[in-house]
């Protein structure tokens with residue numbers, strides 16, 4: 001079985017793509033989008049009597065921010081624009097390649113992004129109140145507080161697990 005050389009060139013160019021956060025790794029945005037889908041499913045499949053309580057709403061709002069982050073991670077970086085072939089080859093060498101953060105740091109970032117949804121998007125609960133007049137008391141404070149705690153927890157874990165900067 002022979003592989004067409006043009007196909008190999010395409011694979012090589014895909015391999016050299018780079019994100020500002022680190023190397024293009026389809027697992028990272030895929031994982032983020034999968035977690036967003038799972039969080040949204042938690043809200044969608046919650047029983048109707050508990051769907052509009054604090055915890056399912058935190059999952060719904062957290063899924064929005066994870067989905068936006070996953071889409072953002074799919075973008076292509078502009079790091080190599082305007083470089084010559086030699087400079088581009090130097091940029092893509094193993095010594096210049098950005099390293100991904102540790103698994104613990106990435107997990108903390110996911111927790112922080114998830115908490116950001118409830119922390120920043122809790123005013124959207126008023127839109128739900130406007131749509132459904134029977135929902136007269138949305139849990140603003142518990143949703144905000146849960147999001148803030150998750151955001152701060154993710155921030156703290158990231159600070160504790162990240163490596164110190166070297167001069």
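The values are calculated or read from the model by the stated rules, or taken from the named source; none is laboratory data. Since this is a predicted model, take the numbers as computed values, not measurements. Because the Cβ atoms are built from the backbone with ideal geometry, glycine has one as well, and the counts that use them run over all protein chains shown.
Quick rundown of the values:
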| read-out | value |
| --- | --- |
| Top-ranked residue of the range 122-144 - restricted to ones that are modelled with pLDDT of 90 or more and under 21 Å from the mean Cα position of the chain (by Cα), ranked as farthest from residue 59 (Cα to Cα) | 144 |
| Total residues in the range 27-68, condition part of a loop (DSSP other than H, G, I, E, B) and touching a helix residue (DSSP H, G or I) at 6+ places or on another chain (Cβ under 8 Å) | 4 |
| Test set (1) buried (at least 16 other Cβ atoms within 10 Å of the Cβ); (2) over 13 Å from the mean Cα position of the chain (by Cα); (3) at pLDDT 75 or above - residue 24 fails condition number | (3) |
